[in-house]
Amino acid sequence: MKILIEGEDELLKRNNSTPISDYDLKRNNSTPISDYDFSGRMRRCFQHNHIETIGDLVKRSAGELLNMRSFGRVSLLEVRCELAKLGLSLRGE
């Protein structure tokens, strides 16, 4: 079950316009979170929860992320948008 956020569909459509190759997907999974444009608060949240790479992030579901301290609906939208740019999504979506 996907947790929906108002306005999310439009943002994801705008950010997901470039096709991604299988090679790029594999490479992106090992890329450190620090290489992406996440806020400092989110980076600290990821660090505290041992999420170090994009691969670690996509192994989590939206519910798991929302259960983390200091991670809310706006953070979830930011994650989904960043993953959509890479042609990726959270587990179960």
Worksheet item: Among the residues of the stretch 35-57, how many are open to solvent by 30 Å² or more (accessible area, probe 1.4 Å), part of a helix (DSSP H, G or I) and under 21 Å from residue 92 (Cβ atoms)?
Response: 1
Fill in: Long-range neighbours under 6 Å by Cβ, at least six apart or interchain, first residue touching a residue at least 40 places away in the same chain (Cβ under 8 Å) within the stretch 73-84, second open to solvent by 10 Å² or more (accessible area, probe 1.4 Å) and outside any helix (DSSP H, G or I)
73/5; 77/5; 82/36; 84/16
Worksheet item: Among the listed residues 10, 78, 64, 6, which satisfies the condition of being of a type in the set (D, E, K, R) and modelled with pLDDT of 95 or more?
Response: 64
Worksheet item: Here are some conditions: (1) assigned to a loop (DSSP other than H, G, I, E, B); (2) out of contact with any Ser or Thr (no Cβ under 9 Å at 6 or more places or on another chain). Residue 68 meets all but one. Which one does it not meet?
Response: (2)
Discussion item. Anything in the stretch 78-93 that is among the basic types (Lys, Arg) and either in contact with a helix residue (DSSP H, G or I) (Cβ under 6 Å, 6 or more places away or on another chain) or open to solvent by 20 Å² or more (accessible area, probe 1.4 Å) (or both)? List them, or say none.
Written reply: 85, 91
Item to complete: Can you tell me which residue among 70, 30 is open to solvent by 10 Å² or more (accessible area, probe 1.4 Å) and touching a strand residue (DSSP E or B) at 6+ places or on another chain (Cβ under 6 Å)?
Response: 30
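The values are calculated or read from the model by the stated rules, or taken from the named source; none is laboratory data. Bear in mind the structure is a predicted one, so any value in this text is a computation, not a measurement. Don't worry about glycine lacking a Cβ; one is built from the backbone with ideal geometry, like all the others, and counts go over all protein chains shown. Protein only, heavy atoms only, side chains kept; ligands, DNA and RNA dropped before computing areas. Shrake-Rupley method; radii C 1.70, N 1.55, O 1.52, S 1.80 Å.
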